[in-house]
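The values are calculated or read from the model by the stated rules, or taken from the named source; none is laboratory data. Just so it is clear, the structure is predicted and the values come from calculations on it, not from any experiment. Cβ placement follows ideal geometry from the backbone for every residue including glycine, while neighbour counts extend to all protein chains displayed.
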Amino acid sequence: MNIHQTDTEPEQIEGLGQGEDAAWGDYPIDTLLIRNETRTVHDVLRRIEKGSFVMDPDFQRDFIWPEDKQSKLIESVLMRIPLPVFYLAEDDQGRMVVVDGLQRLSTFQRFVNNELKLKLKDRKELDGKRFDDLSPKFQNRIEDCNLILYLIDAKVPEQARLDIFERVNSGVPLSRQQMRNCLYVGQATRFLKTEASNPLFLEATGRSLRTTAMRDREFVNRFCAFQLLSLDGYRGDMDDFLAEALRRMNNLEPPDLQRLSAEFRICLTNNFNLFREHAFRKHTVDSDRRSVLNASLWDLMTTGLSRYPEQLVETRADTLREAFSSLMEDEQFIQSITSGTNDMKKVRHRFGATRAMFEEVFGAHSA
């Protein structure tokens, strides 16, 4: 049963640890390092061209402003109407990642590059004009327009940065994975995109993960984190753990990324062959009804079955399904994958229980 998750339906996922974000009181006031500076449109566009300001197309979500709204922004600048502030975040390389203001900066970029023709029916002197059609006075007014930038330091704790972005974003609300996709753009984010679009991933997850909010890439990110990083390094902050995985992936050599991809595809094949439509969902051997996708089970079963070859899993399939059903009857295990799932003790408990299950089924065998 393949049911495609549409963007108009409520997303049904268990085990994500939602609602467990730190309160603002958990952040010492002096750790939220945010500075402000003023730069002209010309200066900012020059920095974008040089690559010191990062505008990730995936993060922009295909540039969603219609041209009449873009035109209104240019009109506002020509009328000297003050603009809202822009928020940027410093990445590990010292580049500035645009967090809030992507649409406005993209509009300036398009107009100055003569890619936008103004649609201003009430202003005949501007309607239909491109940048090169404007008088030098108006061109200078646009390029000399001062933009107020708030810059979030790279040393700000990961969860705090994401919480700040959620507060300041003035456009369509962004998911935390979309924010990570912008902050760590590179071979890591390309890896997530490629693996999330693979037919094997879509089949194994039952097409249950929303693509526009990058929930599908978040699940790939979770696999990579628990596959690459030591469980001892998990300190109860899932945002930091997922970000650390992306930082690590951006520094991996191509053969290491290829190996990670191969391990991911092995685990998807093993899980789907074993459980079919019940893969990564709570169920027992005699379950008929398919339950919702469980993120914590995903972490356990993807990393766990990435280590065993398909033929071995096939020969032990019945034994493994029975062992999994027994685990589903363990109340403490069920609690560890259902509520408070980001808690460090619960994470370690469920990984320990699953590791014991695999050792019981497969013994010393491994990939």
Note on residue 285: of the conditions (1) within 19 Å of residue 355 (Cβ to Cβ); (2) in contact with a Ser or Thr (Cβ under 8 Å, 6 or more places away or on another chain), unmet is (1)
Look at residue 324 and say whether it is out of contact with any Gly (no Cβ under 9 Å at 6 or more places or on another chain) and among the aromatic types (Phe, Trp, Tyr). yes
Before we move on, is residue 327 buried (at least 16 other Cβ atoms within 10 Å of the Cβ), out of contact with any helix residue (DSSP H, G or I) (no Cβ under 7 Å at 6 or more places or on another chain) and touching a residue at least 12 places away in the same chain (Cβ under 8 Å)? no
Within region 242-260, identify whether any single residue is acidic (Asp, Glu), within 16 Å of the chain's Cα centre (by Cα) and buried (at least 22 other Cβ atoms within 10 Å of the Cβ), and answer yes or no. no
Run residue 361 past the list (1) within 20 Å of residue 203 (Cα to Cα); (2) more than 22 Å from the chain's Cα centre (by Cα) and report the number of the one that doesn't hold. (1)
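List the helices (runs of 4 or more DSSP H) inside region 39-136, counting only whole elements, that have at least 2 residues being more than 25 Å from residue 174 (Cα to Cα).
Hits in region 39-136: 41-50, 67-78, 102-112.
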Selected residue (criterion: nearest to the chain's Cα centre (by Cα)) from residues of region 280-318 that are under 15 Å from residue 220 (Cβ atoms) and not in a helix (DSSP H, G or I): 293
Residue count for region 201-219, restricted to those that are surrounded by 23 or more Cβ atoms within 10 Å (Cβ to Cβ) and of a type in the set (A, V, I, L, M, F, W, C): 4
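Out of the residues in region 154-169 that are touching an Asp or Glu at 6+ places or on another chain (Cβ under 6 Å) and in a loop (DSSP other than H, G, I, E, B), which is nearest to residue 246 (Cα to Cα)?
Across region 154-169, the extreme among qualifying residues is 154.
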Exactly one of (1) without any contact (Cβ under 8 Å) to a residue 12 or more places away in the chain; (2) closer than 28 Å to residue 34 by Cβ is unmet by residue 157. Its number? (1)
Which condition number does residue 191 fail, the rest of (1) in contact with a Leu (Cβ under 8 Å, 6 or more places away or on another chain); (2) modelled with pLDDT of 95 or more; (3) over 26 Å from residue 350 (Cβ atoms); (4) not acidic (Asp, Glu) being met? (3)
Flagged pairs (Cβ under 8 angstrom, 6 or more apart or on separate chains; first in region 61-83, of a type in the set (Lys, Arg); second at pLDDT below 95 and surrounded by fewer than 10 Cβ atoms within 10 Å (Cβ to Cβ)) are none
From the option list 357, 328, 301, single residue qualifying as aliphatic (A, V, I, L, M) and closer than 24 Å to residue 237 by Cα is 301
